[in-house]
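This report refers to the structure that appears directly beneath it.
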Amino acid sequence: MNQNRLRVKGIFLDLDGTIVDSTDAYIEAAVLAFKALGKVPPQTHLLLEIPRRMEQHLTIDDITENCTQKFMPIYLQAFRAVTERKTKLLPNIATTLQTLAKNTKLALITMRHVPNQVIQKELDYHGIAKYFNHIVTGLDTTKPKPAPEALIQCKNALGLEICDCLIAGDSVIDIRAGKAAGATTVAVLSGLFGRAILAKEKPDLILEDLTQLPKCIG
């Protein structure tokens, strides 16, 4: 990509791995699910492989020992229960959001299947709800990311054209959703996916984390 600054009016942000560090929540939810099934939890790197594969709609049968159908509802319920106390803002995110919100409209897109009010409460807890003009959760769309539906909903809510919008996220599905919608795509390396995997999706920009985005906006 050239060195020109990105000119956007709207920025759509992923939540887990982009704004908040959800590592501890992923681990605790998985441990609780395995114990509920009477199984010994595997090593940490395999526990984190679960949400990584879920993002890509890949099987986790080898990790759950073919108990995925029983595992998933327990895991998802546990994750929802622990997120408020187990997630924490990534470093300097509040200041970054404040800077971005001065000249652009911000929206949040999360695949968590929870009511909008639950996410609003979490953002309030972290002191960042005031920076967002719109929130879309997994319950607000019929086709979640990587489908473009959530992005289209956000650009309509913000009164913008998709060509004037940017999506930033840590996952392959964030990039795929952005490309499907026609938005500028920015991958951040602060979540579950490494540079090599994200680079294969050919995002417009790859950043170490969201704090680097303001200097890229013109």
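Would you confirm whether or not the stretch 39-49 contains a residue that is within 24 Å of LEU166 (Cα to Cα), in contact with a Leu (Cβ under 9 Å, 6 or more places away or on another chain) and not small (Gly, Ala, Ser)? Taking every residue of the stretch 39-49 in turn, none turns out to be within 24 Å of LEU166 (Cα to Cα), in contact with a Leu (Cβ under 9 Å, 6 or more places away or on another chain) and not small (Gly, Ala, Ser). A single entry from ALA183, ALA187, ALA168 fulfils the requirement of being more than 12 Å from the chain's Cα centre (by Cα), crowded, with 24+ Cβ neighbours inside 10 Å and not assigned by TED's automatic domain parsing to the domain that holds ARG53: ALA183. Checked against the criterion of being modelled with pLDDT of 95 or more, touching a strand residue (DSSP E or B) at 6+ places or on another chain (Cβ under 8 Å) and on the phi < 0 side of the Ramachandran plot, the candidates ILE135, ILE162, ILE152 yield just one match: ILE135. Among residues of the stretch 103-126 that are in a strand (DSSP E or B), those with a Cβ under 7 angstrom from a residue that is among the polar types (S, T, N, Q), sequence gap 6+ or separate chain, pair up as LYS105/ASN133; LEU106/ASN133; ALA107/ASN133.
If only residues of the stretch 190-218 that are under 17 Å from the mean Cα position of the chain (by Cα) and charged (D, E, K, R) are counted, the one that is farthest from LYS143 (Cα to Cα) is GLU208.
The values are calculated or read from the model by the stated rules, or taken from the named source; none is laboratory data. Keep in mind it's a predicted model, so treat the numbers as computed, not measured. All Cβ positions, even for glycine, are placed from backbone atoms using ideal geometry, and neighbour counts span all protein chains on display.
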